[in-house]
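The values are calculated or read from the model by the stated rules, or taken from the named source; none is laboratory data. Please read these numbers as outputs of a predicted model, since none were measured by experiment. We place every Cβ from the backbone using ideal geometry, glycine too, and count neighbours over all the protein chains shown. Each accessible area value is taken on the protein alone, full model and side chains, heavy atoms only, with ligands, DNA and RNA left out. Shrake-Rupley method; radii C 1.70, N 1.55, O 1.52, S 1.80 Å.
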Amino acid sequence: MSIPLLLILFYPPLSFVLLISYFFYEISSKTGKIQFNKVLILLVVFAFASYGYGITSKPWLENDLYRYFDEIENFKILELLKILKSDKKFLYTRDILFYFVSRTDNIRFLPFIVAINIYGICGYVLYDYAKCSNLKFTKIEFMTLFMCTFCFINPTSLIANIRCVQAYTFVAFAVYREVIQKKKNIITVLFYFLALGLHVTTIFVILLRIVHKIFTRFGFLTVFVCFFFSQLITIAYNYHMYFGSLISNAILKAHFYFFEKPETESGMHEKISRLVAIYYMVSTIFVVFYHDHFYKKQKLLENKFISYLYSMMIFTLGALSISAGAYWRFEAIVVMFSVVYLIPLMKCKNWIIKIYLRGALLVASLSTLMNLMYISVYLDYSAMLEKSLSLTGVRILFDFCKGVYAF
């Protein structure tokens with residue numbers, strides 16, 4: 001076991017310092033080529049987990065995280081069996097997760113776990129796919145992959161969201177295991193079920209996979225379903241009572257997001273984020289289509305995972321009409337799993353593709369800047385720092401054991 005790993009296990013916030021030191025070392029080195037390794041991924045995961053542990057919004061900001069904290073407080077007086085029996089939406093993964101955290105007596109263990117799950121999965125996919133490609137990356141290529149995977153999407157929104165993005169991440173990882181790693185086993189199936197048990201709208205991300213699988217040879221139909229998803233939800237809403245409870249709940253939730261939830265995006269950060277999302281999705285859709293037309297013997301869309309993400313991109317554009325800005329939940333999957341289409345594009349010498357890759361780095365940098373501005377405006381960063389620095393490996397182990405013992 002390496003020294004950096006021992007250090008971050010003992011004191012996770014130290015991962016921030018080690019991560020910055022790693023970047024300065026790699027960027028300043030004269031070798032010119034960089035590879036992703038396990039130590040780097042672990043540093044990133046524990047850095048974001050420490051960040052998630054400390055998330056503290058300013059008092060006037062509404063935040064899903066605090067609503068979940070209240071739910072966990074209510075779970076403290078209930079037995080698990082009673083919770084599961086009373087759950088009419090069958091969200092058993094959520095119930096078990098919240099029950100586990102409630103028994104640790106440390107509600108901040110929840111965002112810590114969520115950050116570990118999301119960034120751990122995305123980091124693993126980045127490392128695994130980069131390793132399988134047998135490539136060493138230039139500094140610009142390295143930064144493009146790193147920033148798109150870890151920095152593009154606002155980490156505060158990602159972690160504080162708790163359920164939805166985490167569920168979508170589980171589905172995307174299950175698809176990755178199924179079509180890239182060819183692991184069609186019980187663990188892959190388990191990730192699908194874990195996702196379904198976290199958030200009711202997960203059914204649509206899974207249905208997108210099913211529709212994509214059925215209509216792979218009928219691309220136009222898949223595009224139609226994805227782009228006009230909001231209109232299809234309206235039709236389904238009128239007949240939701242004829243579906244099973246799981247699908248019916250998902251339709252009602254989707255209809256609420258699209259047409260009933262009040263507008264929450266009014267700040268400059270949100271408006272710029274929406275424009276950045278539109279640019280990234282449209283440019284990626286175009287460049288993948290262009291690549292497959294230009295390199296007919298090496299079509300990206302023949303890769304089933306890339307074609308799934310391609311469908312998700314179109315789905316994201318169709319979801320831009322969601323008043324509450326929920327489109328970014330789909331955008332997060334497309335961007336954080338972008339390694340699977342960025343690496344093949346990096347192998348191309350075409351000037352249009354090279355311009356796209358520089359543009360991807362540019363918008364990732366802009367998005368990162370906007371995320372830092374979000375922290376300065378909406379978060380109590382002094383309180384965050386205090387909470388994050390209070391996290392130790394001993395505390396994590398102690399809380400984990402308390403939660404396990406409760407079962």
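Using only the alpha-carbon atoms, what does the chain span along each of its principal axes? Please give whole angstrom values in decreasing order.
62, 60, 45
Picking from L81, A130, F69, whose Cα lies most toward the positive end of the charge dipole for the stretch 56-136 (charges on Cβ: Lys, Arg +1; Asp, Glu -1)?
Toward the positive end, the furthest listed residue is A130.
Of P155, F191, V17, which is farthest along the charge dipole of the chain in the positive direction, counting Lys and Arg as +1 and Asp and Glu as -1 at C-beta?
F191
Show me, for the stretch 392-398, the HN-Hα J-couplings you get by feeding each phi into the Karplus relation (A = 6.51, B = -1.76, C = 1.60, θ = phi - 60°), rounded to Hz, glycine and proline as x.
Along the stretch 392-398, the couplings run 10, x, 5, 5, 4, 4, 5 Hz.
From the phi angles alone, apply the Karplus equation (6.51, -1.76, 1.60; θ = phi - 60°) to the stretch 335-351 and give each ³J(HN,Hα) in whole Hz, x where the residue is Gly or Pro.
Each residue's phi maps through the Karplus curve to give 7, 6, 10, 5, 4, 5, 10, 6, 4, x, 5, 5, 7, 8, 9, 5, 5 Hz.
Determine the per residue accessible area of the chain with all protein chains present and a 1.4 angstrom probe, expressed in square angstrom. Each step should come with its number before you reach the end.
On the way: 19280 Å² over 407 residues.
Heavy-atom accessible area per residue stands at 47 Å².
I'd like the Karplus ³J(HN,Hα) series for the stretch 88-98: coefficients 6.51, -1.76, 1.60, θ = phi - 60°, whole numbers in Hz, and an x wherever there's a Gly or Pro.
Ordered by residue, 3J(HN,Hα) equals 6, 9, 6, 8, 6, 5, 4, 4, 5, 4, 5 Hz.
Considering only protein heavy atoms and a 1.4 Å probe, what is the carbon-and-sulfur percentage of the accessible area of the stretch 80-214?
Details: 3230 of 4760 Å².
Using a 1.4 Å probe with all protein chains present, the stretch 80-214 comes out at 68 percent carbon and sulfur.
Going through the cross-link list K296/K349; K184/K347; K136/K182; K304/K349; K38/K387, which pairs have a Cα-Cα distance over 21 Å in this structure? Walk me through the intermediate numbers first.
Numbers: K296/K349 15 Å; K184/K347 29 Å; K136/K182 24 Å; K304/K349 24 Å; K38/K387 27 Å.
Those over the limit are K184/K347; K136/K182; K304/K349; K38/K387.
With every protein chain left in place and a probe of 1.4 Å, what is the accessible surface of D105, to the nearest 10 Å²?
Counting only protein heavy atoms, the figure is 100 Å².
How many nm is it between the label spots at Y290 and C401, if each spot is 7 Å from the Cα in line with the beta carbon?
5.8
G197's amide H: which non-local residues (gap 5+, or another chain) put their own amide H closer than 5 Å, with H modeled 1.01 Å from N in plane and none for Pro or chain starts?
Sorted by chain and number, the residues that satisfy this are T93.
Which residues' amide hydrogens lie under 5 Å from the amide hydrogen of S57, considering only partners 5 or more residues apart or on another chain, with H built in the peptide plane?
D380
Under 10 Å, Cα contacts only: if you run a Gaussian network model on the chain, which one of A236, A195, A172 comes out with the highest mean-square fluctuation?
Taking springs between Cα atoms under 10 Å, the residue moving most is A236.
Can you return the lysines within cross-link range of K82? Criterion is Cα-Cα under 22 Å, with same-chain partners fewer than 8 residues away left out.
K402
Taking GluC sites (Glu not before Pro) as candidate sites, keep only those in a DSSP loop with at most 15 other Cβ atoms within 10 Å, then name the longest stretch of the chain containing none of them. All intermediate terms of the calculation are to be shown ahead of the outcome.
Details: sites that count: E62, E79, E263, E265.
Value returned for the longest uninterrupted segment is 80-262.
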